[in-house]
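J.: Attaching a single structure in structure tokens format; questions to follow.
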Amino acid sequence: MTNKLILHKEINVKGRVHGVGYRANAKHVADLLGVQGTVKNLLDGSVWIVAEGSEEAMNTFLEWCRKGPSHSEVKEVVIIAGEVEDLQEFLIVY
């Protein structure tokens, strides 16, 4: 039996990421990959994501975060590793 390493990342996405469906698309991609966490818009115009998943899923999710949905314009992505919190779903926080 294999034991997959779970990674925890806190991700701040900067650029044109409000009003372009970034949160909804992030949830969709996370759900497809089996990534758990939350996504929310911040007052400074960026998007904050807390995400947990396998290394493979997390790498794919982070790759998507750097591009975003078609109408977004991602300028910068800051990623901080953290302690695994055993998150159970991926939610959009309003």
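J.: Go through segment 60-74 residue by residue and tally those that are polar (S, T, N, Q) and surrounded by 13 or more Cβ atoms within 10 Å (Cβ to Cβ).
T.: Number of matching residues: 2.
J.: Name every residue in segment 33-57 that is part of a helix (DSSP H, G or I) and surrounded by 17 or more Cβ atoms within 10 Å (Cβ to Cβ), in order of residue number.
T.: LEU33, ALA57
J.: Those residues that are within 15 Å of ARG16 (Cα to Cα) and out of contact with any helix residue (DSSP H, G or I) (no Cβ under 6 Å at 6 or more places or on another chain), I need them from segment 27-53; list them, please.
T.: Result: LYS40, ASN41, LEU42, LEU43, ASP44, GLY45, SER46, TRP48.
J.: Let me ask something else. From the list VAL84, VAL77, VAL93, exactly one residue is in contact (Cβ under 8 Å) with a residue 40 or more places away in the chain and buried (at least 16 other Cβ atoms within 10 Å of the Cβ). Which is it?
T.: Just one listed residue meets the conditions, VAL77.
Taken together, the values in this text are just the output of simple stated rules run on the coordinates, not laboratory data. On a predicted model such as this, the values are computed, not experimentally measured, just so you know. Here the Cβ is made from the backbone with ideal geometry for all residues, glycine too, and neighbour counts use every protein chain on show.
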